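Colleague: This is the structure, below, for whatever I ask next.
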Amino acid sequence: MKRIATVGVYEFDAHSFLRALDAAGVTQVIDVRQRRGVRGAEYAWANAQRLQRMLAEARIAYTYHPELAPDTELRHLQYREDARQGVGKRSREQLSPEYVRTYTEEILDLVPLNPLIGQLPVHGIGALLCVEATAAACHRSLVARRLADRHGFEVVEIEADEPPAVDLL
């Protein structure tokens, strides 16, 4: 069976992130973030250029699919729901139903996934990358679910085992 993984940045440091990718057999990271930067010194390793350099050194391919990223307006739709519920982006556990509906209608239903599927590695597994620690709190879970439902992929969710140490790579 074909497999696709999802992975977030939060709760990892650079070393534990690479270890988790290796343990899952990831040979390609598919970045689906709109802004490829992450706030906070502890996550500087995940900013686009540093991340790409780190992955290249680990012999993990990197591709960027901005067409799957939520735009600013869509992200703010989720932020408003987070504020209403009193949760922060880093502590969110699930997406709001309105966000799921809007992301599905405005992105998933319009963006063909065959180009992404065609770029997946022959050996190993590709991992959809965003920032949220939990896949269910991130749009990457919606992309993965669509790949599962319509293209027969098994979804593997990669999550950190423990909070990161400060890592300033």
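The values are calculated or read from the model by the stated rules, or taken from the named source; none is laboratory data. As the structure is a prediction and not an experimental result, all values here were calculated from the model. Cβ placement follows ideal geometry from the backbone for every residue including glycine, while neighbour counts extend to all protein chains displayed.
Colleague: So, in segment 1-28, how many residues would count as being in contact with a helix residue (DSSP H, G or I) (Cβ under 6 Å, 6 or more places away or on another chain) and more than 13 Å from ALA160 (Cα to Cα)?
Modeller: So the count comes out to 2.
Colleague: If LEU51 satisfies every condition in (1) touching a helix residue (DSSP H, G or I) at 6+ places or on another chain (Cβ under 8 Å); (2) modelled with pLDDT of 95 or more; (3) over 14 Å from ALA127 (Cβ atoms); (4) of a type outside the set (Lys, Arg) but one, which is the exception?
Modeller: Here LEU51 meets the rest and fails (3).
Colleague: May I pose another question? So, of the residues in segment 62-74 that are touching a residue at least 40 places away in the same chain (Cβ under 8 Å) and either surrounded by fewer than 17 Cβ atoms within 10 Å (Cβ to Cβ) or of a type in the set (Phe, Trp, Tyr) (or both), which turns out to be nearest to ASP22 (Cα to Cα)?
Modeller: THR63
Colleague: Considering only segment 36-53, how many residues are under 23 Å from GLU73 (Cβ atoms) and either outside any loop (DSSP other than H, G, I, E, B) or touching a residue at least 12 places away in the same chain (Cβ under 8 Å) (or both)?
Modeller: Selection size over segment 36-53: 3.
Colleague: Only one of these is more than 19 Å from LEU18 (Cα to Cα), hydrophobic (A, V, I, L, M, F, W, C) and crowded, with 19+ Cβ neighbours inside 10 Å: CYS130, CYS138. Name it.
Modeller: CYS138
Colleague: Can VAL100 be described as of a type outside the set (Ser, Thr, Tyr) and in contact (Cβ under 8 Å) with a residue 40 or more places away in the chain?
Modeller: yes
Colleague: Among the residues of segment 80-100, count how many are hydroxyl-bearing (Ser, Thr, Tyr) and loosely packed, with under 15 Cβ neighbours inside 10 Å.
Modeller: Qualifying residue count, segment 80-100: 1.
Yes or no, residue by residue, for (1) within 20 Å of ASP22 (Cα to Cα); (2) in a helix (DSSP H, G or I); (3) in contact with a Phe, Trp or Tyr (Cβ under 8 Å, 6 or more places away or on another chain):
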residue	(1), (2), (3)
LEU55	yes, yes, yes
HIS76	no, yes, no
ARG80	no, yes, no
GLN94	no, no, no
GLU98	no, yes, no
THR102	no, yes, no
LEU142	no, yes, yes
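Colleague: Looking at segment 14-31, is at least one residue in contact (Cβ under 8 Å) with a residue 24 or more places away in the chain and part of a loop (DSSP other than H, G, I, E, B)?
Modeller: The answer is yes; a qualifying residue exists.
Colleague: Here's something else I'd like to know. Return the residue satisfying two criteria in turn: it lies in segment 1-23 and is within 19 Å of GLY152 (Cα to Cα) and not charged (D, E, K, R), and of such residues it is modelled with the lowest pLDDT.
Modeller: The selected residue is MET1.
Colleague: Looking only at segment 104-120, decide whether some residue is at pLDDT 95 or above, in contact with a helix residue (DSSP H, G or I) (Cβ under 9 Å, 6 or more places away or on another chain) and closer than 22 Å to VAL9 by Cα.
Modeller: yes
Colleague: Can you go through ALA137, ALA127, ALA69 and tell me which one is within 13 Å of the chain's Cα centre (by Cα), closer than 20 Å to GLY37 by Cβ and at pLDDT below 95?
Modeller: After ruling out the rest, the residue left standing is ALA137.
Colleague: Check segment 130-141 and report whether any residue there is touching a residue at least 12 places away in the same chain (Cβ under 8 Å) and over 20 Å from VAL9 (Cβ atoms).
Modeller: No, because not a single residue in segment 130-141 is touching a residue at least 12 places away in the same chain (Cβ under 8 Å) and over 20 Å from VAL9 (Cβ atoms).
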